[in-house]
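Here is the structure we will look at, set down as structure tokens.
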Amino acid sequence: MKILPSREKCVSEITPEDTKVRIIGVVVDVTENSLVIDDGTGKLEVILGEYSKVGDEIKKIKIGSVVRVIARLYHTDSGTKAFCDVIQECSSLDVNLYKEMRETIERAGVMEYV
């Protein structure tokens, strides 16, 4: 089985052609099996699947936590569903500095390599 690479994206940049993405955002809602992240351009519900059974690690993620999610996307008539492959708690990340760095990379025209 071939593992597809993920692409760094903002929620607003997700297209039907995207299959796997990396998104950094703030957790705005948490349920037993999913969480919703907001990256400033939009919100995305991420289905946790097996991660909801991990226990203590997932319990560290609360509303307001900054996370990076790598997720597989499934596009349906009712919207896009994101299924979590990896989740990393990144609350020590300077989100404004990250956004500034991302904008600089986009202006340089090399975002497709990140």
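The values are calculated or read from the model by the stated rules, or taken from the named source; none is laboratory data. What you are looking at is a predicted structure, and each value in this text was computed from that prediction instead of being measured. Ideal geometry is used to build each Cβ from the backbone, glycine not excepted, and the neighbour counts take in all protein chains shown.
Looking at the range 87-100, is at least one residue over 16 Å from Arg7 (Cα atoms), in contact with a Gly (Cβ under 9 Å, 6 or more places away or on another chain) and either at pLDDT 80 or above or surrounded by fewer than 15 Cβ atoms within 10 Å (Cβ to Cβ) (or both)? Yes, that holds for at least one residue. When the range 62-114 is limited to residues that are charged (D, E, K, R) and under 20 Å from Asp29 (Cα atoms), the one that is farthest from the chain's Cα centre (by Cα) turns out to be Lys62. Under the condition of being closer than 15 Å to Asp85 by Cβ, among the hydroxyl-bearing types (Ser, Thr, Tyr) and at pLDDT below 90, the residues counted in the range 1-33 number 1.
Before we move on, is Leu35 closer than 17 Å to Arg72 by Cβ and surrounded by 14 or more Cβ atoms within 10 Å (Cβ to Cβ)? It is true that Leu35 is closer than 17 Å to Arg72 by Cβ and surrounded by 14 or more Cβ atoms within 10 Å (Cβ to Cβ).
Which one is surrounded by the most Cβ atoms within 10 Å (Cβ to Cβ), of the residues in the range 1-31 that are polar (S, T, N, Q) and without any contact (Cβ under 8 Å) to a residue 24 or more places away in the chain?
Thr31
Can you tell me which residue within the range 5-19, out of those that are of a type outside the set (D, E, K, R) and under 10 Å from the mean Cα position of the chain (by Cα), is nearest to Val46 (Cα to Cα)?
Val11
Taken over the range 60-114, residues that are under 17 Å from Val36 (Cα atoms), touching a residue at least 24 places away in the same chain (Cβ under 8 Å) and either assigned to a loop (DSSP other than H, G, I, E, B) or hydroxyl-bearing (Ser, Thr, Tyr) (or both) amount to 9.
Among the residues of the range 63-85, those identified as of a type in the set (D, E, K, R), surrounded by 11 or more Cβ atoms within 10 Å (Cβ to Cβ) and modelled with pLDDT under 90 are Lys81, Asp85. Among the residues of the range 22-45, count how many are within 20 Å of Tyr98 (Cα to Cα) and in contact with a helix residue (DSSP H, G or I) (Cβ under 9 Å, 6 or more places away or on another chain). Going through the range 22-45 one residue at a time, the tally reaches 12.
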